[in-house]
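The values are calculated or read from the model by the stated rules, or taken from the named source; none is laboratory data. If you're wondering where the values come from, they're calculated on a predicted model, not measured in any experiment. Note: ideal-geometry Cβ built from the backbone for every residue, glycine included; neighbour counts use all protein chains shown.
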């Protein structure tokens, strides 16, 4: 709705009408009708008024309406005002209360304060005192509501910022992976380009080819064909990753993913003087998880292992296939162990197991529960954002896999990844 304001030229400008503030709701609980009606007359123009002659009615009204402030008589037949206040706080802890009684005792005051009553007024009360008490209670209720609202908004904003940061980090890692793809394709393209130049030089402007020239060309064409096939396989493999392959799409073997991972790691700056070993599966298999995500998970775990200590140490990746469901009862969280995503784990067969282990310093017991928290890091600011393991956790959960961490101080750490596997597509 809008109202029109006059301008100097006589025209009008539409202005949005401010929404009126919500009137507070006041609940009056007293077993004397005269007291209830007098309070209704005092506050009827300022607040929405609800009246209750007993505790049960008051609790029922609180369940049905948003009560801001309750004015309660301490002494009532049946349920006392203190009991009613306790029930109201159970329904909605944010309700503010003003207690009133003609028989003030230390015990009732103490109970009222324990239940966070806002004020305590003696009967008979004067109107100005009651107005001030209710206004103060309303103000407290409004302020507390605003604080909760702002806290919720802040928490939501922090969550959004964290998700955005994680997405950016994931995008950066994928950028590195796809840079490696370009590098992979550049190799075959270089061979193709070189062989085409050799053929051009051999043929030149000749109008007739000798037998040896034909053999030379046929041999080079075979090599070019193999390299073109390599380019096509690489491009198809990663295009299927980008499309988040469906269940019936052809899947890439884990050994191919490990090979791609090895190429990334061997040029990664975190490798430095560390020893790195990668053992392929004895029997190849595929996984339902997106191939790029598999590489990203293993890359993050491997880089984390490289950076666990400044001294040179060994990092090893190896995998195998499990033909029976994982015995989850054998895993116990403790100072040396953590198992993630048990509740969402698709514990079927076959299962792919890939371990990333190091012989570094291990993870202290007080640090282990924190390692998957976003932005938590024990490394320097130049060695990452503290998001690597948080990203691993997110991707493993999305794939309905599980991740087990076993560590011993002074002996190293092993991350074991469990993923639902599928037979490798034939043809």
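For residue 398, are the conditions met, namely being surrounded by fewer than 17 Cβ atoms within 10 Å (Cβ to Cβ), assigned by TED's automatic domain parsing to the domain that holds residue 292 and either modelled with pLDDT under 90 or touching a strand residue (DSSP E or B) at 6+ places or on another chain (Cβ under 7 Å) (or both)? Give the derivation first.
Details: surrounded by fewer than 17 Cβ atoms within 10 Å (Cβ to Cβ): yes; assigned by TED's automatic domain parsing to the domain that holds residue 292: yes; either modelled with pLDDT under 90 or touching a strand residue (DSSP E or B) at 6+ places or on another chain (Cβ under 7 Å) (or both): yes.
Taking the combined requirement at face value, the residue satisfies it.
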- Task: Collect the residues in the range 269-295 that are part of a helix (DSSP H, G or I) and touching a residue at least 60 places away in the same chain (Cβ under 8 Å), keeping them in residue-number order.
- Result: 292, 293, 294, 295
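Scan the range 314-322 and tell me whether some residue there is part of a loop (DSSP other than H, G, I, E, B) and in the same structural domain as residue 296 (by TED's automatic domain parsing). Spell out how you get there, then give the answer.
The initial filter retains those residues of the range 314-322 that are part of a loop (DSSP other than H, G, I, E, B), namely none.
No, every residue in the range 314-322 fails to be part of a loop (DSSP other than H, G, I, E, B) and in the same structural domain as residue 296 (by TED's automatic domain parsing).
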- Can you tell me which residue in the range 369-390 is modelled with the lowest pLDDT, limited to those that are part of a helix (DSSP H, G or I), under 13 Å from residue 340 (Cβ atoms) and touching a helix residue (DSSP H, G or I) at 6+ places or on another chain (Cβ under 8 Å)? 390
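Yes/no per residue for (1) closer than 30 Å to residue 280 by Cα; (2) modelled with pLDDT under 70; (3) touching a strand residue (DSSP E or B) at 6+ places or on another chain (Cβ under 8 Å); (4) not in a loop (DSSP other than H, G, I, E, B):
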| position | (1), (2), (3), (4) |
| --- | --- |
| 205 | no, no, no, no |
| 212 | no, no, no, yes |
| 216 | no, no, no, yes |
| 223 | yes, no, no, yes |
| 231 | yes, no, no, yes |
| 235 | yes, yes, no, yes |
| 245 | yes, yes, no, no |
| 256 | yes, no, no, yes |
- Note on the structure: Conditions (1) buried (at least 17 other Cβ atoms within 10 Å of the Cβ); (2) modelled with pLDDT of 85 or more -> residue 132 fails only (1)
